[in-house]
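**Student:** Below is one structure. I have some questions about it.
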Amino acid sequence: MSAISQSTALPAEKLPAPLVFTLAAGAGLSVASIYYSQPMLDIISKQFNVGIGSVGMVPMLTQAGYALGILLLAPLGDRHDRRTIILIKGLMLVAALLLCGFSGGINALLIASFVTGLTATVAQDIVPASAALAPERSRGKTVGTVMTGLLVGILLSRVVSGVVAEYLGWRTMYMVAAVAVLLISLALWRVLPRFKPGTSVSYPRLLLSLAHLWQHHQTLRRAALAQGLLSVGFSAFWSTLALMLSERFHFDSAVAGAFGLAGAAGALAAPLAGSVADRIGPARVTQYGATLVMVSFALMFLLPLLPVPAQIGLIIISTIGFDLGVQATLVAHQTLVYSLAPEARSRLNALMFTVVFIGMATGAALGSLALAHFGWTGVVTLSTLAAALALMIRLASRHLKN
């Protein structure tokens with residue numbers, strides 16, 4: 001299907017399923033690029049002969065690059081045709097992944113990982129594109145479906161990378177990822193329509209407008225801060241899980257990556273979360289989701305009281321629970337934010353996800369420190385407290401619609 005020139009909306013019917021699937025796949029394969037490293041950290045640390053602190057910088061810098069890329073690059077979607085931006089950034093991500101695969105040492109990998117984070121923000125061009133194309137009455141469900149692809153990409157990336165790294169080597173994983181991103185970038189270029197820019201202001205003024213949007217929209221600030229806190233716990237868990245499983249249970253990277261299947265099970269609820277948000281209001285969904293995240297993390301305080309098989313089972317149950325809660329809350333927050341100023345969706349998305357991935361980077365760094373100094377109980381404490389703070393923010397707005 002050739003691209004057609006039109007504005008940021010298709011006819012007021014539901015989007016074709018193949019288009020939604022391609023958008024979801026694009027979001028998932030793009031954002032997966034910043035998570036492939038996590039189950040491979042133990043293998044990478046042994047190959048480069050570096051400790052937990054050094055190898056833990058790989059996911060931290062990747063997520064820091066993602067946060068910076070969202071802030072500086074995602075707003076371009078309001079100024080230029082998103083279809084073109086998606087292609088260019090997709091090709092840049094392919095190059096960054098190849099740099100990771102050919103890294104000769106830990107320092108080169110750290111630099112390449114930061115660049116990967118910067119360019120993987122193409123996922124944050126795809127999500128606003130889906131919101132712009134979807135009719136208003138089904139926007140929550142459409143965004144939820146695309147976000148399912150995004151979160152499944154995050155979680156299954158760990159499964160795939162764990163297996164590939166164990167049997168084919170960690171460098172092979174980056175090569176496979178580069179090919180996948182190349183193919184989906186070309187597919188998106190083929191199926192997406194052209195997008196009419198929402199503004200014609202210059203790039204410096206575009207960036208300056210971010211401060212105005214942040215100051216003007218309390219709903220945006222509340223959503224970003226709450227989701228950012230949930231991301232601290234989410235990232236602390238996933239950034240340290242492989243190292244903990246190797247130390248405590250002697251599991252290899254393939255088994256560590258397989259825990260992503262449990263998280264993916266929770267992610268599949270995203271379209272349901274979007275539909276519920278359309279029906280009962282997204283603010284209430286954020287409260288339910290944050291509560292589920294907090295309870296799921298807190299359950300892991302029981303691990304020392306259980307035999308080993310039960311410990312593994314509890315980790316799986318907790319993983320399903322908090323991933324479901326994080327995803328439901330994220331979809332609801334996006335539904336709230338995208339309704340604020342349709343002409344500024346890319347900038348609103350950029351602001352929210354900048355805070356989210358600052359939370360991710362902070363969680364990765366603090367999680368590594370907590371594991372090194374306080375063991376797994378330290379990681380669980382950090383994650384539970386972060387979720388509790390997010391819930392407090394959402395409950396503070398229980399009498400409001402946002």
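**Student:** For segment 106-163, how big is Rg over Rh, using alpha carbon atoms and the Kirkwood form of Rh?
**Tutor:** Value, to two decimals: 1.13.
**Student:** Which residue, 368, 209, 37, tops the fluctuation ranking in a GNM of the chain built on C-alpha contacts under 10 Å?
**Tutor:** Judging by the Gaussian network model, the answer is 209.
**Student:** Taking the Cα centre of the chain as origin, work out the dipole magnitude from +1 charges on Lys and Arg Cβ and -1 charges on Asp and Glu Cβ, in debye rounded to 20.
**Tutor:** Its charge dipole is roughly 1020 debye.
**Student:** OK, next. Would you please give the FRET efficiency between residue 111 and residue 280, computed as 1/(1 + (r/R0)^6) with r the Cβ-Cβ distance and R0 = 35 Å, to the nearest 0.05?
**Tutor:** Result of the calculation: an efficiency of 0.15.
**Student:** Between residue 102 and residue 88, what is 0.36 nm times their sequence separation minus the Cα-Cα distance? Round to one decimal in nm.
**Tutor:** That works out to 2.9 nm of additional length.
**Student:** Relative to the longest principal axis of the C-alpha atoms of the chain, give the angle of the C-alpha long axis of helix 123-133, reported between 0 and 90° and rounded to the nearest 10°.
**Tutor:** With both axes taken from Cα atoms, the answer is about 40 degrees.
**Student:** Would you mind calculating the gained length between residue 72 and residue 168 on full extension (0.36 nm times residue separation, minus the Cα-Cα distance), in nm to one decimal?
**Tutor:** 31.0 nm
**Student:** Treating cross-link reach as a plain straight distance, find the aspartates and glutamates whose alpha-carbon is under 17 Å from the alpha-carbon of residue 141, omitting any fewer than eight places away in the same chain.
**Tutor:** Straight-line reach from residue 141, under 17 Å: 13, 278.
**Student:** Here's a follow-up. Take the solvent-accessible surface of the protein heavy atoms, probe 1.4 Å, and return the percent of it on the chain that carbon and sulfur atoms account for.
**Tutor:** The computed percentage sits at 70.
**Student:** What is the calculated FRET efficiency for residue 249 to residue 200, with r their C-beta to C-beta distance and R₀ = 51 Å, to the nearest 0.05?
**Tutor:** 0.35
**Student:** So, one more: Kindly provide the helix-only [θ] at 222 nm of the chain, computed as the sum of -39,500 (n - 2.57) over DSSP H runs of four or more divided by all residues, to the nearest 500 deg cm²/dmol?
**Tutor:** Mean residue ellipticity at 222 nm (helix-derived): -26500 deg cm²/dmol.
**Student:** Please give the per residue accessible area of the chain, computed with a probe of 1.4 Å over protein heavy atoms only, in Å².
**Tutor:** Accessible surface, normalised per residue, equals 38 Å².
**Student:** Taking all pairs of different Cα atoms in the chain, averaging 1/r and flipping that mean, what Kirkwood radius in angstroms comes out?
**Tutor:** 20.7
**Student:** What do you get for the angle between helix 170-191 and the principal long axis of the chain? Use alpha-carbon atoms, 0 to 90 degrees, nearest ten.
**Tutor:** Approximately 10 degrees, to the nearest ten.
**Student:** Once fully extended, how much extra length lies between residue 186 and residue 308, figured as 0.36 nm per residue of separation less the alpha-carbon to alpha-carbon distance?
**Tutor:** 39.3 nm
The values are calculated or read from the model by the stated rules, or taken from the named source; none is laboratory data. Just so it is clear, the structure is predicted and the values come from calculations on it, not from any experiment. Note that we place each Cβ from the backbone using ideal geometry, even for glycine, and neighbour counts take in every protein chain shown. These area figures cover heavy atoms from the full protein model, side chains too; ligands, DNA and RNA do not enter into them. Shrake-Rupley method; radii C 1.70, N 1.55, O 1.52, S 1.80 Å.
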